[in-house]
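Following: one structure in structure tokens, then a few remarks.
A short reminder: the numbers here are calculations on the coordinates, not readings from a lab. For clarity, every value in this text was computed on a predicted model and none was experimentally measured. Neighbour counts run over all protein chains shown; Cβ positions are idealised from the backbone, glycine included.
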């Protein structure tokens, strides 16, 4: 099976197009959570284990954001490495969110780090930045083809100023659509049994119209959709990122699940995360005719 | 002093606009170099120490490329962390080449990891990708202003397919020039005593005409120039990246210095690296009227 087939089947099995972001920060821990003798990496790993235990039967995938591990140095990265292993043992698909991108030989090194066979930071997917063009992408697609993994290339990001570059018009078409069409090309030889290639696209939930337009012109490109919840994207708004069968996209939620305990007084963080994951699943299914696949 | 002033003064002091890339790979080690009991990280760190010892009085800066540490997992990252400390003790400016880039809150986490005060991976500069626009840059410039550090934003990269996106024309001007003008804006409040801001630009040596054109339109933007040597850029070709005083740019060389021993039979790797660093310095000075500053 290719990488995207594995993700799609995990989503169908759990009937939930949600990826749980694992982006823990020191200031997010519930009072009393951090025990004596733990360093920050210990605390993050402990917290992540709890989130995974609580939601592994509901969500098909997790997305650790590398920045939030790197900011804590080697201790944070140790937590990242251990979290990858724990998530894998729990049967979850792992999307490492690093937005890496470089010239060919360097991109090959990133691929070796994250998505190649025997990668030390063994992830099913890595997010990748397209600014350097095809020769910065090819080493990833080659490694992914061999290992049954995939990448998600930034196309239209969820942040307010993403449009400064991405919305510039060239030949009557915005840059993000030019990049989207490249993504279709880059994935052309990696289309799986479910019709989507292992080269996906990041398409922000905060731009519903663009998401729906991209869905139409990128028929073989699966979307990773950030921006639901904390950043303001709604299930209704992002429904256009899905195809007619309710497939074609997976929606990320980070803080809204990780820190769900803040909005559920008296409920422990694991149960609160599970409650929110279920609520989000129902919210998404409600705009997808109640079923995926 | 702001970050770019510190880099410029280090270049002037050593009369050498060269940054030594530290991108070691297992297959580059000289025969017999790796000792029993060393893991790959031990070997990389040992090799880097040798390069730094050999060239610290000649080159003002080093540039570890993060991909080549991440590909070796935690062992590689430990070597990266130790190399940062060793380079700092040797008085070298450190440019961590990670090409990071994300939405604002995540960019702030990367800044905390690499260029903020007390960053665990304490670097003087970090390379940054502009695809996400201003709100992905601002957290870096704020952290750099506070810590006296800087960033280099990808503008025109050295690889063959960099132009797929970067050379697209919008309003009669290529994308890379649009990004270059943003870089001038992002650095407007961080211009130092030497006239350059702490927000620099990556401008590949493999595109001499574009480099020279950018030099003219980006008067406050210091250039980090990759692509000399192994990638085909010559000193003559990249001279247009410098200003009339021979300042305004620093040129990276990685493999040509790291692996100089391969072209100097019978010479140990440290001496060979030093020889090549001196040769490169002379090569660059020869097209800069023999002096910088």
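Quick look at the numbers
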{"item": "Normalised per residue, the volume of the convex hull around the Cα set of region A:146-209 (Å³)", "result": "105 Å³"}
{"item": "Within 10 Å of each Cβ in A:74-80, the average number of Cβ atoms from other chains", "result": "3"}
{"item": "Three-way shape label, region B:64-148, alpha-carbon gyration tensor, a/c 1.5", "result": "oblate"}
{"item": "Using a Förster distance of 30 Å, the FRET efficiency for residue A:138-residue A:212 (Cβ separation, nearest 0.05)", "result": "0.50"}
{"item": "Ranked list, fewest to most other Cβ atoms within 10 Å of each Cβ, for B:177, A:27", "result": "A:27, B:177"}
{"item": "Whole-number percent relative contact order across chain B, with pairs defined as alpha carbons under 8 Å at least 6 apart", "result": "19 percent"}
{"item": "Surface/4 estimate of mean projected area, convex hull on alpha-carbon atoms of chain A, nm²", "result": "14.3 nm²"}
{"item": "Exposure proxy ranking, count of Cβ atoms within 10 Å, fewest first, for B:186, A:38", "result": "A:38, B:186"}
{"item": "Volume per residue that the Cα convex hull of region A:138-250 spans, once the total is divided by residue count, Å³", "result": "102 Å³"}
{"item": "Using a 7 Å Cα-to-Cβ projection, residue B:271 label spacings across copies, nm, ascending", "result": "7.3"}
{"item": "At 7 Å out from Cα toward Cβ: residue B:217 inter-copy label distances (nm, ascending)", "result": "2.5"}
{"item": "Inter-label distance for residue A:1 and residue A:193, nm, one decimal - labels placed 7 Å from Cα along Cα-to-Cβ", "result": "0.8 nm"}
{"item": "Cα shape, region A:1-116, gyration tensor, a/c 1.5 rule", "result": "oblate"}
{"item": "Percentage of interatomic Cα-Cα distances in region B:192-293 larger than 22 Å", "result": "33 percent"}
{"item": "Compactness of the protein assembly as shown - radius of gyration and Dmax, Cα, Å", "result": "23.4, 73"}
{"item": "Teacher prompt: residue A:230 distances to equivalent labels in other copies, 7 Å Cα→Cβ, nm", "result": "3.8"}
{"item": "Space enclosed by the convex hull of the alpha-carbon atoms of region A:104-204, per residue, Å³", "result": "104 Å³"}
{"item": "Chain lengthening between residue A:283 and residue A:181 when straightened (0.36 nm per residue, less Cα-Cα)", "result": "33.7 nm"}
{"item": "Order of A:171, A:39, B:135, B:122 - criterion: other Cβ atoms within 10 Å of each residue's Cβ, fewest first", "result": "A:171, A:39, B:135, B:122"}
{"item": "Residue-averaged beta-carbon neighbours from other chains (10 angstrom radius) around B:60-71", "result": "5"}
